[in-house]
Amino acid sequence: MLKRLTWEQVRDVLRNLEGMGYTVLHPAKNEFGDWIPRQGIPERWPEDFPNYLFPFLREIVLPSTEPVFDTADYRPIFHTYGKIAFFGARPCDATALAYTDAFYLERLFRDKHYEKRRKDLFVISVACTRPCENSFCRTMGAGPFAGKGFDIQLYPVEGLWYAEAGSDAARELLRDYPDADAGRLEEWRKKVLERFPLYDRTKLRYPVPSPVRDFLSDRCFSCGGCIWLCPTCTCYNERQPAGLNVVVREQDACLLSGYHRLAKGASLRPTMKEMMGFRYECKLGIGFCTGCGRCSTTCIGYAAMDAYLEKTLGGE
């Protein structure tokens, strides 16, 4: 389903979601100039919005820290934010959400904590019209338009908003709006695609060549910044803080030595080279990279995807 809306009609859709009990979040700048989600219906779409540095969409469904079990009453704890309509998600983050859905909902065991928050989330992504710094989303098939992970995807086409439905709930919301011209949208998409770099993805493969892996590992400080900002990282640890009757689930980072530690000080991957190889197995071997560029933005050692691309592709 493809519909044609004005900006005021987009705002009507958001009002309808509020009427259905959703809290609407939209991108806005705080007093420090950082982009954060703000509650309410925006007066206009912020044309200068690139993306959030922090993956807020992932944080809604997979909090960095959350209580998951009460050891006193021997029962699970379900932490939820209520129903949220996340307006303005970028395509790379919508695609990342589809990856975490596959990890937590489509394997042998469904994660009930993740599942409840995911059911309460309505995602409205907005197609990108220019690439973000350090991004290569087109190469990874995650931008400038998403193919999955959204309920509604909006395209700002020549003063109008074309709305693509990605769920039954979205089709019901958009049902009464006029149909859009699919041919006109395709022409617009082709023009936008030309602005985004496209690399040879067949060269971005695992295992990472040893010289490249060694270059990256020699420059990594193990700060964990790339993992904290990655929208597709799914690894976690569970622990019970001293003196508390609760088990806490926390995000974990494969570039920290503690992630690989076993009993009596043994380690599955005792060297940084092995840890770096493991990270790229996940991102390129399994394919859980959207090319958003956040890791490169935060890395202080030139050991993230921009360095990998430069060393692997050279002047391509």
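The values are calculated or read from the model by the stated rules, or taken from the named source; none is laboratory data. Owing to the predicted nature of the structure, the values given are computational and were not obtained by experimental measurement. Please note: Cβ atoms are built from the backbone with ideal geometry, for glycine as well, and neighbour counts cover all protein chains shown. Quick note on the areas: whole protein, heavy atoms, side chains included, nothing else; ligands and nucleic acids left out. Shrake-Rupley method; radii C 1.70, N 1.55, O 1.52, S 1.80 Å.
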Subject >> Accessible-area ranking of Asp12, Asp176, largest first, probe 1.4 Å >> reply: Asp176, Asp12
Subject >> Theoretical FRET efficiency, 1/(1+(r/R0)^6), r = Cβ-Cβ of Asp181 and Lys311, R0 35 Å, to 0.05 >> reply: 0.20
Subject >> Dipole magnitude (debye, nearest 20) for the chain, charges at Cβ of Lys, Arg, Asp, Glu >> reply: 720
Subject >> Calculated FRET value between Asp101 and Thr80, using beta carbons and R₀ = 25 Å, to 0.05 >> reply: 0.90
Original post:
Cross-link list Lys83/Lys116; Lys148/Lys283; Lys3/Lys29; Lys191/Lys283; Lys116/Lys148: which exceed 21 angstrom alpha carbon to alpha carbon?
Top reply: Lys3/Lys29; Lys191/Lys283
Original post:
Can you tell me the accessible area per residue over the chain, all protein chains present, probe 1.4 angstrom, in square angstrom?
Top reply: 48
Subject >> Within straight-line cross-link reach of Lys273, aspartates and glutamates at Cα separation under 13 Å, skipping those fewer than 8 residues along the same chain >> reply: Asp214, Asp218, Glu281
Original post:
Pairing the Cα long axis of helix 210-219 with the longest principal axis of the chain, what angle in degrees results, from 0 to 90 and rounded to the nearest 10?
Top reply: 90
**OP:** Report, to the nearest whole %, how much of the accessible area of the range 214-316 belongs to carbon and sulfur atoms, 1.4 Å probe, protein only.
**Re:** 54
**OP:** Rounding to the nearest 20 debye, state how big the charge dipole of the range 94-243 is about its Cα centre with +1 on each Lys and Arg Cβ and -1 on each Asp and Glu Cβ.
**Re:** 500
Original post:
Each label point is 7 Å from the Cα along the Cα-to-Cβ direction; what then is the distance between the points at Cys223 and Ala169, in nm?
Top reply: 3.7
Original post:
Which Cα, out of Cys254, Ser210, Pro63, lies furthest along the positive dipole direction of the chain (beta carbon charges, K/R +1, D/E -1)?
Top reply: Ser210
**OP:** May I have the convex hull volume per residue, in Å³, for the Cα set of the chain?
**Re:** 161
Original post:
Can you give the helix-only mean residue ellipticity at 222 nm for the chain, where every DSSP H stretch with n ≥ 4 adds -39500 (n - 2.57) and the sum goes over all residues, rounded to the nearest 500 deg cm²/dmol?
Top reply: -9000 deg cm²/dmol
**OP:** Quote to one decimal, in nm, the extra length available between Thr23 and Leu198 on full extension: 0.36 nm per residue of separation minus the C-alpha distance between them.
**Re:** 59.3 nm
**OP:** Considering only Ser257, Ser125, Ser135, give the residue with the highest GNM mean-square fluctuation for the chain, with springs between Cα atoms whenever their separation is below 10 Å.
**Re:** Ser257
Original post:
Mind ordering 227-235, 245-253 by average Cβ neighbours within 10 Å, highest first?
Top reply: 227-235, 245-253
Subject >> Listed residue (Trp7, Gly33, Pro144) projecting farthest to the positive dipole end of the chain, Cβ model >> reply: Pro144
Original post:
How much of the accessible area of the range 49-127, probe 1.4 Å, is carbon plus sulfur, in whole percent?
Top reply: 59
